[in-house]
Amino acid sequence: MRIDLHTHSAASDGTDQPAELVAAAGAAGLDVVALTDHDTTAGWEPAAAALPAGLTLVPGAEISCVALDGAERPISLHLLGYLFDPRHEGFLAERRRLRESRLSRARWMVDRLVADGLPISWDRVQAQAAGGAVGRPHVGRALVEAGVVGSVDEAFARYLYNGSPYYLRKAEIEVFAAVRLVRAAGGVPVFAHPLARRRGPVVADELIARLAAAGLAGLEISHPDHDEPDRAHLRGLAADLGLLVTGSSDYHGRNKAVRLGAYGTDPAAYDALVAQANGIRPVAA
Ligand code: AMP
Ligand code: ZN
Ligand code: FE
Ligand code: FE
């Protein structure tokens, strides 16, 4: 069984359309793929409609969150929610709020870049996002398109990194509230890449322990942004706290180098995750 539980389509900041993504997952030999676009479920239907034979789709989302307590400064983090009911009103309203904030925030960032003479425009950034949940990778692609940088990675390193003068925080859900919302909608919450240090400050073990007590189901450990010492540390923590362990590529199409299925989840952990869900079921072709 090959199981990849974290991917992005053009419904957020990946470059494959949802239908292309599931076709690519099938061609890559995956048995299970989760679609986890940032703050949106817009890709679920087109992905389900295009599922190739033999591939199971786990509908999900990656929710923009913030940890406010126990830290000197707020820490941004990502929560994966799987198999939640997309119609749950409170969660639906929160996802809409996050997407709307992404729009005004990206606009602010573009205005700052333009004011400093960079040859991009809000129109080109919107064209990159093509109606999906807009994010910094779309600004990065506009900078690539304009010939300012050679890659999205370079755009992040020079202009878009956390704390850059061109960076603005976006709306986020307080992470304990997000865990409760995902559970309230029947979903299963997993902490995405908890120790992805290159993106900024990461939370303390103590916060993860309190999240586990508040309903967190698992930790995403095998991930391209984790080195082996951090993985080993997280495996110990997951064992201590009774948390599931997942792994995934965090595929973004051409916006990142990682390939579909490059990192994966053990079948037993996947089965345990599905067993905790009572929002919706995985979709099989
Ligand atoms: P945003 O959600 O708009 O704040 O953008 C964050 C997203 O950009 C993350 O979810 C990643 O997909 C991507 N990202 C973050 N850091 C980098 C980086 N250094 N290079 C390329 N993509 C990145
Ligand atoms: Zn992303
Ligand atoms: Fe993430
Ligand atoms: Fe992601």
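The values are calculated or read from the model by the stated rules, or taken from the named source; none is laboratory data. Owing to the predicted nature of the structure, the values given are computational and were not obtained by experimental measurement. All Cβ positions, even for glycine, are placed from backbone atoms using ideal geometry, and neighbour counts span all protein chains on display.
Could you list, in sequence order, all residues of region 35-72 that are under 30 Å from Arg210 (Cα atoms), among the acidic types (Asp, Glu) and modelled with pLDDT of 95 or more?
Asp37, Asp39, Glu62
Can you spot a residue in region 274-283 that is among the polar types (S, T, N, Q), more than 16 Å from ligand 2 (Cβ to nearest atom) and more than 16 Å from the chain's Cα centre (by Cα)?
yes
Return the total of residues in region 73-124 being hydrophobic (A, V, I, L, M, F, W, C), buried (at least 18 other Cβ atoms within 10 Å of the Cβ) and within 16 Å of ligand 1 (Cβ to nearest atom).
Counting residues in region 73-124 that are hydrophobic (A, V, I, L, M, F, W, C), buried (at least 18 other Cβ atoms within 10 Å of the Cβ) and within 16 Å of ligand 1 (Cβ to nearest atom) gives 10.
For every residue, the table says whether it meets (1) in contact with a Phe, Trp or Tyr (Cβ under 6 Å, 6 or more places away or on another chain); (2) closer than 21 Å to Arg197 by Cα; (3) not β-branched (Val, Ile, Thr).
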| site | (1), (2), (3) |
| --- | --- |
| Leu92 | no, no, yes |
| Arg95 | no, no, yes |
| Arg102 | no, no, yes |
| Ala106 | no, no, yes |
| Met109 | yes, no, yes |
| Gly117 | no, no, yes |
| Gly147 | no, no, yes |
| Glu154 | no, yes, yes |
| Tyr159 | yes, yes, yes |
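Can you pull out the helices (runs of 4 or more DSSP H) entirely within region 6-117 that have at least 3 residues that are basic (Lys, Arg) and within 16 Å of ligand 3 (Cβ to nearest atom)? Steps first, answer last, please.
Details: elements: 18-27, 44-49, 89-115.
So the answer is 89-115.
Spot the failing condition for Phe191; the list is (1) modelled with pLDDT of 95 or more; (2) of a type outside the set (Asp, Glu); (3) out of contact with any strand residue (DSSP E or B) (no Cβ under 7 Å at 6 or more places or on another chain), and only one is missed.
Against the list (1) modelled with pLDDT of 95 or more; (2) of a type outside the set (Asp, Glu); (3) out of contact with any strand residue (DSSP E or B) (no Cβ under 7 Å at 6 or more places or on another chain), Phe191 comes up short only on (3).
Restricting attention to region 157-194, which residues are of a type in the set (Gly, Ala, Ser), in contact with a His (Cβ under 6 Å, 6 or more places away or on another chain) and within 18 Å of Asn255 (Cβ to Cβ)?
Once the filter is applied, which keeps residues that are of a type in the set (Gly, Ala, Ser), in contact with a His (Cβ under 6 Å, 6 or more places away or on another chain) and within 18 Å of Asn255 (Cβ to Cβ), region 157-194 yields only Ala192.
Look at Thr7 and say whether it is under 24 Å from Val188 (Cα atoms), in contact (Cβ under 8 Å) with a residue 24 or more places away in the chain and surrounded by fewer than 24 Cβ atoms within 10 Å (Cβ to Cβ).
No, not satisfied.
So which residues in region 175-202 are in contact with a helix residue (DSSP H, G or I) (Cβ under 6 Å, 6 or more places away or on another chain), more than 16 Å from ligand 4 (Cβ to nearest atom) and in a loop (DSSP other than H, G, I, E, B), if there are any at all?
Residue satisfying the conditions is Ala185 alone.
Among the residues of region 203-246, write down those that are farther than 21 Å from Ala178 by Cα and not in a helix (DSSP H, G or I).
If the condition is that a residue be farther than 21 Å from Ala178 by Cα and not in a helix (DSSP H, G or I), then Ser222, His223, Pro224, Asp225, His226, Asp227 are the ones that fit.
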